[in-house]
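These notes are about the structure you will find just below.
The values are calculated or read from the model by the stated rules, or taken from the named source; none is laboratory data. Computed from a prediction, not measured in an experiment: that's the story for all the values here. Using ideal geometry, Cβ is built from the backbone for each residue, glycine included, and neighbour counts are taken over all protein chains shown. Just the protein is used for accessible areas: all its heavy atoms, side chains included, with ligands, DNA and RNA removed. Shrake-Rupley method; radii C 1.70, N 1.55, O 1.52, S 1.80 Å.
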Amino acid sequence: MSHHDIDIDKTVRTYMMVFAALIVGTILTVGASYIHLPTGPAIALALLIASAKGSLVVLFFMHLIDEKKFIYWLMGLAVVFFIFELTVPLITEMNNIDLGS
Amino acid sequence: MSMAIPYTVEPRPDTGLNNVKIGIWLFLASEVMLFGGLFAGYIILRVGSTDWQPGSAFGLSVPLAFTNTLVLITSSVTMVMAWASLIRKDFSKYRLYMGITVLCGLGFMVIKYIEYTSKFSHGYYPSTHIFLALYFTLTGLHGIHVIAGMGYNAYLWGPGAKMWETAPEQFTNRVEASGLFWHFVDLVWIFLFPVLYLL
């Protein structure tokens with residue numbers, strides 16, 4: 001995002017809305033942990049809320065929503081390798097995973 | 001003869017971005033890989049362990065971690081407000097918001113210090129259990145990032161702020177790049193909090 005084409009008042013209002021959403025998301029994260037869900041759904045719910053919060057930070061605080069294509073390609077590549085990094089150990093440990101308890 | 005570093009303010013014709021922004025995003029891409037590897041380590045050790053214990057078994061404090069999450073989120077907002085103040089050419093507001101950001105970073109580390117000393121006083125070390133090895137590695141590396149970000153933000157609040165008088169646009173870019181790093185540190189904590197304290 002170039003400094004010259006910013007509607008800063010609108011941007012600041014967006015920051016405040018994101019701030020409120022992050023606070024609510026954090027309270028939800030803690031609240032969800034008191035529901036005592038089985039391990040699988042508990043992990044899924046916690047990571048879902050964390051992903052939503054993380055997306056808000058990346059899109060609005062880090063301005064990714066207004067970035068150039070070059071940054072999208074760069075971070076897209078990083079995300080692909082990130083998923084690869086997480087998937088490989090999961091595949092190798094598939095036999096040990098028990099999320100039902 | 002002095003040589004100016006190219007494209008610190010004006011965008012490169014090929015990417016449409018200045019080098020500061022490309023540099024910091026490239027660095028963040030490498031950071032995604034670094035923390036990705038550690039999260040992968042967490043997964044493989046958690047599902048492979050025959051004696052897995054959650055954080056609550058070692059007395060990890062959810063209220064303290066919750067407070068730390070709020071502190072980091074607040075610091076992210078003050079960081080973007082510091083940058084927005086420079087866009088508005090309001091330097092005194094910039095100083096205020098950047099000062100709060102640095103203090104929030106300090107507050108985060110003080111809480112982390114309280115947590116660490118509490119664990120040590122109970123005889124909990126990285127070698128005690130696989131969970132604690134992961135806890136100290138992940139939070140320790142994250143803490144180093146907080147200290148680094150705090151240090152650079154303190155520089156931009158203090159001596160580094162002189163650049164505002166001579167090259168305001170370049171200074172604004174520096175604050176934006178530092179902000180990108182700081183938000184990344186916040187982003188990592190957003191995932192560390194549930195993974196280590198709640199699951």
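Residues B:55, B:16, B:36, B:23: which one is over 19 Å from residue A:39 (Cα atoms) and more than 10 Å from every other protein chain (Cβ to nearest Cβ)? Please lay out each step first, then the result.
Numbers: B:55 fails: over 19 Å from residue A:39 (Cα atoms); B:16 fails: more than 10 Å from every other protein chain (Cβ to nearest Cβ); B:36 fails: more than 10 Å from every other protein chain (Cβ to nearest Cβ).
Residue meeting the stated conditions: B:23.
Inside region A:59-89, residues that are open to solvent by 30 Å² or more (accessible area, probe 1.4 Å), under 18 Å from residue B:187 (Cα atoms) and in contact (Cβ under 8 Å) with a residue 12 or more places away in the chain make up a count of 1. Against the definition (at the interface with chain B (Cβ under 9 Å from one of its Cβ atoms), within 21 Å of residue B:29 (Cβ to Cβ), touching a helix residue (DSSP H, G or I) at 6+ places or on another chain (Cβ under 6 Å) and without any contact (Cβ under 8 Å) to a residue 60 or more places away in the chain), how does residue A:12 come out, yes or no? The answer is no for residue A:12.
The residue of region B:59-73 that is farthest from the other protein chains (Cβ to nearest Cβ), among those that are open to solvent by less than 20 Å² (accessible area, probe 1.4 Å) and over 14 Å from the mean Cα position of the chain (by Cα), is B:60.
If you check residue A:40 against the conditions, is it open to solvent by less than 30 Å² (accessible area, probe 1.4 Å) and more than 8 Å from chain B (Cβ to nearest Cβ)? Yes, satisfied.
For region B:85-96, what are the residues that are within 11 Å of another protein chain (Cβ to nearest Cβ) and either free of Cβ contacts under 8 Å to residues at least 12 places away in the same chain or aromatic (Phe, Trp, Tyr) (or both)? Listed by number, the residues that qualify are B:88, B:90. Could you check, for region B:34-42, whether at least one of its residues is open to solvent by 10 Å² or more (accessible area, probe 1.4 Å), of a type in the set (Ser, Thr, Tyr) and free of Cβ contacts under 8 Å to residues at least 60 places away in the same chain? No, that holds for no residue. Among the helices (runs of 4 or more DSSP H) confined to region B:102-199, the ones with at least 3 residues that are open to solvent by 30 Å² or more (accessible area, probe 1.4 Å) and more than 12 Å from every other protein chain (Cβ to nearest Cβ) are located at B:130-157, B:163-166. Scanning region B:74-84 for residues that are more than 10 Å from chain A (Cβ to nearest Cβ) and either closer than 20 Å to residue B:170 by Cβ or of a type in the set (A, V, I, L, M, F, W, C) (or both) turns up just one, B:82.
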